[in-house]
Amino acid sequence: MTKIGSGRQYCGETARGTGHSVARSLPIHAAASGRVPFSVEFNPPRDGAGEARLWRAVREFERMHPAFVSMTYGAGGSTKDRTVRITGELATETTLLPVAHLTAVGHSIDELRALVGSYADAGIRNLLVLRGDPPGDPLGEWTRHPEGVEFAEELVRIVRDLGDFHVGVASFPQGHHRSPDLDHDTRFLAAKLRAGAEYSITQMFFDVEHYLRLRDRVVALDPVEGAKPIIPELMPITSLRTVERAEELCGRPLSPVVLERLRRAAGSGPVEDKAAVRAEGIQIATEMAQRLIDEGAPCLHFITLNFAKATSEVLTNLGYGVTAAPLSA
Ligand SMILES: Cc1cc2nc3c(=O)[nH]c(=O)nc-3n(C[C@H](O)[C@H](O)[C@H](O)COP(=O)(O)OP(=O)(O)OC[C@H]3O[C@@H](n4cnc5c(N)ncnc54)[C@H](O)[C@@H]3O)c2cc1C
């Protein structure tokens, strides 16, 4: 493989302390149990208390055997050192397989190469390669770093050239908000896959039809790239407050049907029936997950906000037989 940039290349090696190779790809094709695998997404904590909460969730998820866990990357790398350190600790101090999100926003190509090197040094070989959200406002204007990349596709090539990494990318069931139309959006996804990505993880959605249509579009455009796994992302809604966060992550308003179900559960009284909203949110996520399993989704990826309980409840409803207690909210 050609050496680029600093000339440093990262080849597969064994993770410190764990004895297992971290250059392995995601185990999302055939689960030993015969059930569709699941995975979870964590966010870098902002402080010590947040870190303690994250580790509680990590230990709870360890008992449930997710196929992998992913760690998002804060806009512009504001929590870079903490993120790299914790993701490395997931590789070396747990039984979990971590995937680090790598974003281009605010970084030169040299900085991105150095960041990939930090992940490699920390034992991370699986990267979800993204352009990243503009800091402050995810829907705001994108500005390329003067010495950076414009699109995720370029970063996929850079990472693949750097060595032995398994790369995933983002996909958008309803199209990325900056794509001119679904046709262009599908072509850009196929280009990222062709550049060397092995799978994609979708933006969160609340209508399974959008996921199925995305899958059909990629297969119709390019049967080879269309055969690569498209992992659907789900978030169990646990309160009306989390609706806002869900809409931010969807990049769109929540589906009216889902919103109506949650509002009905909240009741018409002056005080929201929080328990009913939570139960309805878990039910909605369970129904979506079951449909995705029936439709052949390769894995179910859950946004957790660093809590284990809601995801655990959905998995229990699906008959996954995970240990549900004692868990954090
Ligand atoms: C599963 C998942 C995880 C995420 N994790 C993070 C995270 O950790 N941190 C974070 O900051 N953000 C994260 N995001 C958000 C993501 O970074 C943003 O949605 C971002 O705006 C798009 O990223 P991308 O990698 O899809 O970009 P790209 O693939 O580069 O696409 C960006 C835009 O450019 C268009 N485009 C792509 N290629 C071309 C081309 N050749 N010519 C013209 N237009 C093109 C696309 O259609 C799109 O509109 C995540 C998103 C998902 C779905």
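On full extension, the segment bounded by S108 and V271 gains 53.7 nm, given 0.36 nm per residue less the C-alpha separation. For the range 49-56, 3J(HN,Hα) computed residue by residue from phi via the Karplus equation (6.51, -1.76, 1.60; θ = phi - 60°) reads 5, x, 5, 4, 5, 4, 5, 4 Hz, glycine and proline entered as x.
Taking θ as phi - 60° and the Karplus parameters 6.51, -1.76 and 1.60, the scalar couplings of the range 184-199 work out to 4, 4, 5, 5, 5, 5, 4, 5, 5, 5, 5, 5, x, 6, 9, 6 Hz in sequence order, x denoting glycine and proline. Computed from the C-beta positions of E93 and R264 and an R0 of 45 Å, the FRET efficiency is 0.55 to the nearest 0.05. Computed over the alpha-carbon atoms, the range 127-257 gives an Rg to Rh ratio of 0.97, Rh here being the Kirkwood radius from the mean inverse distance.
Note on Q9 and D294: with the Förster distance fixed at 45 Å, the Cβ-Cβ geometry gives a FRET efficiency of about 0.55. Computed over the range 74-205, the P(r) curve from all C-alpha pair distances, binned at 10 Å from the origin, holds 13, 43, 36, 8, 0 percent per bin.
With 10 angstrom as the radius, rank E51, E60, E244 by how many other C-beta atoms surround their C-beta, starting from the fewest. Please list the in-between numbers first.
On the way: E51 17, E60 22, E244 10.
Lowest count first: E244, E51, E60.
Size of the dipole of the chain about the Cα centre, Lys and Arg at +1 and Asp and Glu at -1 on the beta carbon, nothing else charged, in debye to 20?
Values: 37 positive and 42 negative charges, 117 e Å.
Dipole about the Cα centre, nearest 20: 560 debye.
Computed from the C-beta positions of D81 and F151 and an R0 of 25 Å, the FRET efficiency is 0.40 to the nearest 0.05.
Derived scalar couplings between HN and Hα for the range 301-308 equal 9, 9, 6, 10, 6, 6, 10, 9 Hz in order, rounded to whole Hz, by the Karplus curve 6.51 cos²θ - 1.76 cosθ + 1.60 (θ = phi - 60°), x for Gly and Pro.
For F302, the amide hydrogen comes within under 5 Å of the amide hydrogens of S39, V40, E41, L234, counting only partners 5 or more places away or on other chains and with H modelled in the peptide plane. Taken along the Cα-to-beta-carbon direction at a fixed 7 Å, the label points for S25 and L221 span 2.0 nm. The convex hull built on the alpha-carbon positions of the chain has an orientation-averaged projected area of 16.8 nm². Over the C-alpha trace of the range 181-329, radius of gyration and Dmax come out as 16.8, 54 angstrom.
Every read-out reported here was derived from the displayed coordinates using simple, explicitly stated rules and does not represent laboratory data. In this text the structure is predicted, and so the values were computed from the model without any measurement. Cβ atoms come from the backbone with ideal geometry, glycine included; neighbour counts cover every protein chain shown.
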